[in-house]
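Have a look at the structure below before the remarks.
The values are calculated or read from the model by the stated rules, or taken from the named source; none is laboratory data. This structure is a prediction, so every number in the text was calculated from the model and none was measured. Neighbour counts are summed over all protein chains in view; Cβ atoms, including those assigned to glycine, are modelled from backbone coordinates with ideal geometry.
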Amino acid sequence: MHGTHNALADTRNEKVKIYINGEFFPRNEAKISVFDSGYLVGDGIWEAVRLYDGVLVFLDLHLDRLFQAAATIGMDLKMDRAALTEKIWETLRINEMTDQVHIRFMITRGIKKTPSQDPRLTISGPNLVIIAEHKKADNTTKEKGITLFTSTVRRGSPDYLDPRLNCHSKLHEVQALIQAIEAGADEALMLDTQGFVSTCNATNFFIIKNGELWTSTGQYCMNGITRGNILRVARRHGMPVFEKNFSLFDVYGADEAFVTGTFGGVTPVIKIDGRVIGAGNYGAHSRQLSVWYQELILEEVEKGKAGL
């Protein structure tokens with residue numbers, strides 16, 4: 001496969017220990033009940049963070065998003081930010097992890113008495129699973145770039161499932177990705193309910209036009225932490241930034257395009273719907289934004305080490 005989550009192979013991951021509700025299990029023994037709310041009806045939320053040089057970068061932003069999601073779906077996590085953070089560090093310590101680690105933590109509403117959507121049938125507290133893996137992005141992906149296909153599956157309206165909610169219910173995004181793969185692309189580009197460009201199935205989407213950085217309004221896409229950081233560094237360095245409605249008309253004529261995510265950072269898009277974007281390579285503006293983003297990560301690492 002080729003895409004934004006390509007990682008270098010690391011045999012250490014075969015022996016990682018998985019955190020499940022206060023206990024640790026070998027990877028091949030980590031299991032959760034078939035009556036879990038997340039398994040039964042996708043009733044859960046999650047986040048993924050990166051460990052760089054002993055620091056969980058942008059952790060506070062991820063926790064902000066997680067606790068906002070919990071409030072949105074009416075889930076009592078039964079723990080505060082400090083307790084959850086300590087469980088993440090416990091997982092890292094037992095796995096002896098210090099750098100280039102990807103941590104995904106998932107919380108579901110809990111175990112159900114019987115298969116049902118009804119939260120009143122939940123008979124346990126929330127289930128917390130933490131998976132930490134040694135993961136370093138494969139830089140060949142950045143140099144090669146990825147291709148996108150515009151899916152007919154739209155990002156939904158916030159009145160039935162707010163696209164900003166980082167929940168376990170990702171079936172529409174999976175459908176979009178399957179459509180893109182079957183069309184010969186690496187990942188899917190998704191439009192909003194009005195037909196404007198919104199996001200990708202697992203990353204946020206940007207274009208460069210005449211030295212300007214364009215992305216969607218944010219109303220119909222995941223409120224990505226990396227998305228926000230790219231906007232932050234672009235503004236810091238004086239690049240014109242626009243969060244606006246735009247269509248495929250603008251995309252096909254863009255000078256550059258790229259996607260962002262916690263794992264891959266900035267990944268260039270070289271072709272969309274069979275059309276080459278710009279020069280069809282990793283453009284100069286995209287590279288510069290990636291450099292600025294890496295500098296921001298280093299700033300966060302230094303702050304973390306200084307206890308700030």
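List of remarks:
- Selection status of N210, assigned by TED's automatic domain parsing to the domain that holds S157 and on the phi > 0 side of the Ramachandran plot: yes
- Candidates I131, I103, I107, filtered to the one that is in a strand (DSSP E or B) and more than 21 Å from T4 (Cα to Cα): I107
- Residue tally, condition surrounded by 13 or more Cβ atoms within 10 Å (Cβ to Cβ) and not in a helix (DSSP H, G or I), over region 55-98: 10
- Matching residues, region 61-111, being aromatic (F, W, Y) and under 15 Å from I18 (Cα atoms): W89, F105
- Among residues of region 271-282 that are within 17 Å of G3 (Cβ to Cβ) and modelled with pLDDT of 95 or more, those with a beta-carbon under 6 Å from a residue that is part of a loop (DSSP other than H, G, I, E, B) and aliphatic (A, V, I, L, M) at least six positions away or on a different chain give the pairs I277/A254.
- Residue in region 283-298 that is at negative phi, touching a Leu at 6+ places or on another chain (Cβ under 7 Å) and of a type in the set (A, V, I, L, M, F, W, C) present: no
- Of all residues in region 224-239, one or more are within 13 Å of H285 (Cβ to Cβ) and exposed (fewer than 15 other Cβ atoms within 10 Å of the Cβ).
- Members of region 230-266 found to be of a type in the set (A, V, I, L, M, F, W, C) and at pLDDT below 95, listed by number: F263
- Within region 1-15, residues that are surrounded by fewer than 17 Cβ atoms within 10 Å (Cβ to Cβ) sit with their Cβ atoms under 8 Å from residues that are of a type in the set (G, A, S), at 6+ positions apart or across chains, in these pairs: L8/A137.
- Residue check for V251: crowded, with 20+ Cβ neighbours inside 10 Å and either more than 26 Å from G195 (Cβ to Cβ) or within 23 Å of the chain's Cα centre (by Cα) (or both): yes
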